[in-house]
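Down below is the structure, laid out as structure tokens.
The values are calculated or read from the model by the stated rules, or taken from the named source; none is laboratory data. Being a predicted model, the structure only gives us computed values, none of them experimental. Cβ placement follows ideal geometry from the backbone for every residue including glycine, while neighbour counts extend to all protein chains displayed. Accessible surface areas use protein heavy atoms only, side chains included; no ligands, DNA or RNA. Shrake-Rupley method; radii C 1.70, N 1.55, O 1.52, S 1.80 Å.
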Amino acid sequence: MKIDILDTTLRDGEQTPGVSFTPDEKLTIAKMLDDLGVDVIEAGSAITSDGEREGIKLVADEGLGAEISTYCRILKGDIDAALSCNVDSIFLVAPTSDLHIKYKLRTTRDKLIEKTLESVQYCKDHDLIVDLCAEDGSRTDAKFLLQLIEQAAEYKINRFTVADTVGIMLPEKINEMFTYLTGGSKIPLGIHCHDDLGLATANSIAAVKAGASIVDVAVNGLGERAGNASLEEIVMVLKLGYGYKTNIDPKKIAKMSKLVEKLCTIPVAPNKAIVGENAFTHKAGIHVDGILKKPETYEAIKPESVGYRRRFVLGKHVGIKAVKSMLDDLNISVNDEQLKGILDQIKYMGDKGKKITNVDLGVIAHSVMGIDMKRAIEVDELVAVAGNKCIPTASVKLKINGREIIESATGTGPVDAAIKAIKNATKEVPFELVEYHVDSISGGTDAIVQVMIKLKSKDKLLTAQGAGSDIILASVDALVNGINLIMEHMS
Ligand code: MN
């Protein structure tokens with residue numbers, strides 16, 4: 001059986017405290033949701049603002065395969081705003097619990113039905129698809145829900161969604177409610193769950209098992225308060241747990257999650273199911289050993305099936321055999337001396353409290369193996385000045401493949417100035433300095449310092465190091481080592 005997916009990242013997801021998408025961001029997300037295979041995209045709430053309408057219209061006019069919907073209350077003004085955005089459908093929300101009817105709307109059940117049907121009729125007069133949603137439906141008398149469905153069916157609603165608006169439902173109760181509703185009506189039913197008790201996924205699945213055919217989700221479980229049922233969990237539970245079909249291509253989940261994380265600026269919790277940083281990361285030695293022998297021993301979901309890569313946390317207790325095996329997986333061949341150098345490096349970084357994974361391993365291996373490689377860049381001269389009556393300034397003379405380049409820069413201090421001067425001299429090499437870390441290996445002002453930097457070039461991350469008793473020279477050394485590595489990869 002096929003289950004439809006309605007994604008509300010752009011509406012309920014945007015109700016996450018601190019999240020607001022620009023019209024262009026909405027379009028970027030909608031295009032990826034469409035490519036992912038989402039059936040319905042709830043693009044926003046048209047009545048909210050001019051910017052919101054601009055975003056919804058941008059999405060609706062893009063000609064995506066997905067049905068484009070917008071949230072409306074049972075108010076003519078809301079529906080008019082939706083009409084101005086050219087949407088295909090309306091997520092028409094009517095509060096149905098006695099609590100909402102009496103205290104929020106200060107009306108009666110009969111009047112609510114009357115107003116709802118008027119709104120449905122108005123939508124239908126404008127050829128809109130109508131998904132009538134019972135707000136606080138989970139706390140609504142099921143008989144009243146069925147009565148509303150039956151009457152709205154005469155007005156040709158296309159779907160009816162029960163919202164567990166406050167996230168209070170339990171799987172058994174949902175199952176009972178949906179069994180009753182599907183027994184009494186042929187209108188396709190949807191479920192909209194919130195995660196206040198951590199049951200959004202379980203409750204949504206319980207509704208599906210009792211006949212719901214469309215599930216509301218948000219990427220990374222974004223949404224009001226504790227969030228909505230998460231797209232990634234629902235899709236994978238439906239597929240792996242129950243064998244239901246959806247239009248979603250799970251391999252694109254990783255990319256989708258990262259895009260939304262980046263645009264909403266709310267980091268995904270590392271322990272979040274499926275899309276968290278640790279979801280496919282193994283740490284315990286016993287687990288790592290088992291995985292290396294046969295991944296299924298400790299992996300129920302294949303990381304690549306959702307677009308991720310398996311990672312191992314490597315610490316100071318890591319064995320040389322495990323490192324060798326992981327290098328083999330990365331197609332990196334090393335001799336014994338290099339292998340020992342890599343292991344030393346892992347232990348050194350582990351002692352410094354750095355979390356190292358097998359993804360970093362490739363980077364470490366390349367930097368260890370790169371020590372004796374041909375260097376495209378050499379530093380001929382470096383002068384850096386600093387003091388309390390001058391602007392920190394550095395000048396540098398480099399040879400890039402034998403060609404001499406002289407550059408200078410000012411900075412917040414001599415290290416910053418020197419790094420900027422090197423950057424100015426190496427503009428032809430694309431990179432970004434993403435991390436800079438200094439350690440003093442011995443005590444005293446004449447201590448040897450070790451500088452570790454992380455560079456990003458295109459999609460690749462790499463680390464490089466420099467050491468010495470002069471922090472400026474050690475920093476420059478680390479950076480130049482890193483740039484040499486990038487140039488080695490480029491050639
Ligand atoms: Mn909601």
* Residue check for THR265: in contact (Cβ under 8 Å) with a residue 24 or more places away in the chain and open to solvent by less than 50 Å² (accessible area, probe 1.4 Å) -> no
Checked against (1) touching a residue at least 60 places away in the same chain (Cβ under 8 Å); (2) more than 16 Å from the ligand (Cβ to nearest atom); (3) of a type in the set (Val, Ile, Thr), THR22 satisfies every condition except (1)
Do we find a residue being aromatic (Phe, Trp, Tyr) and either open to solvent by 10 Å² or more (accessible area, probe 1.4 Å) or in a loop (DSSP other than H, G, I, E, B) (or both) anywhere in segment 85-95? no
When (1) within 16 Å of the ligand (Cβ to nearest atom); (2) touching a Gly at 6+ places or on another chain (Cβ under 6 Å); (3) more than 19 Å from GLY190 (Cβ to Cβ) are applied to ILE56, the one that fails is (1)
Q) Out of all the residues in segment 371-378, is one or more in contact with a strand residue (DSSP E or B) (Cβ under 6 Å, 6 or more places away or on another chain), within 30 Å of LYS427 (Cα to Cα) and modelled with pLDDT of 80 or more? A) yes
When THR28 is run through (1) within 16 Å of the ligand (Cβ to nearest atom); (2) in a helix (DSSP H, G or I); (3) polar (S, T, N, Q), the failure sits at (1)
Note on segment 188-226: residues β-branched (Val, Ile, Thr) and under 16 Å from ASP131 (Cβ atoms) are ILE191, ILE214, VAL215, VAL217
Considering segment 40-70, residues that are hydroxyl-bearing (Ser, Thr, Tyr) and in contact with a strand residue (DSSP E or B) (Cβ under 7 Å, 6 or more places away or on another chain), and then whichever is most open to solvent (accessible area, probe 1.4 Å), we arrive at SER45
Scanning segment 160-174 for residues that are among the charged types (D, E, K, R) and more than 16 Å from the ligand (Cβ to nearest atom), the one surrounded by the fewest Cβ atoms within 10 Å (Cβ to Cβ) turns out to be GLU172
With the first residue restricted to segment 236-248 and required to be open to solvent by less than 80 Å² (accessible area, probe 1.4 Å), and the second required to be at pLDDT below 95, Cβ contacts under 7 Å at 6 or more apart or on different chains are TYR244/MET1
### Query
What about SER20, is it open to solvent by 10 Å² or more (accessible area, probe 1.4 Å) and either closer than 22 Å to LEU263 by Cα or within 29 Å of the chain's Cα centre (by Cα) (or both)?
yes
Could you go through segment 52-66 and let me know if any residue there is of a type in the set (A, V, I, L, M), assigned to a strand (DSSP E or B), assigned by TED's automatic domain parsing to the domain that holds LYS156 and under 24 Å from the mean Cα position of the chain (by Cα).
no
The residue from ASP80, ASP136 that alone is touching a residue at least 40 places away in the same chain (Cβ under 8 Å) and surrounded by fewer than 23 Cβ atoms within 10 Å (Cβ to Cβ) is ASP136
Those strands (runs of 3 or more DSSP E) completely within segment 383-491 that have 2 or more residues that are polar (S, T, N, Q) and surrounded by 15 or more Cβ atoms within 10 Å (Cβ to Cβ) are 393-400, 449-457, 460-468
Here the residues within segment 271-298 that are of a type outside the set (A, V, I, L, M, F, W, C) and farther than 17 Å from ALA254 by Cα are HIS282, LYS283, GLY285, HIS287, ASP289, GLY290, LYS293, LYS294, PRO295, GLU296, THR297, TYR298
Residue hits (segment 175-224; small (Gly, Ala, Ser), away from the ligand (no atom under 14 Å from the Cβ) and assigned to a loop (DSSP other than H, G, I, E, B)) are SER185, GLY198, ALA210, GLY211, ALA212, SER213
Across segment 266-319, the tally of residues that are of a type in the set (Asp, Glu) and more than 28 Å from GLY221 (Cα to Cα) stands at 1
THR28 vs. criteria hydroxyl-bearing (Ser, Thr, Tyr) and crowded, with 24+ Cβ neighbours inside 10 Å: no
*Do we have SER230 as in contact with an Asp or Glu (Cβ under 7 Å, 6 or more places away or on another chain) and either open to solvent by less than 10 Å² (accessible area, probe 1.4 Å) or acidic (Asp, Glu) (or both) here?*
no
- Task: Consider VAL260 carefully, then state whether it is under 23 Å from LYS186 (Cβ atoms) and either open to solvent by 10 Å² or more (accessible area, probe 1.4 Å) or hydrophobic (A, V, I, L, M, F, W, C) (or both).
- Result: no
Among (1) at negative phi; (2) open to solvent by 50 Å² or more (accessible area, probe 1.4 Å), HIS192 falls short only on (2)
Check your understanding: Do we have GLY55 as farther than 23 Å from ILE214 by Cα and not aromatic (Phe, Trp, Tyr) here?
Key -> yes
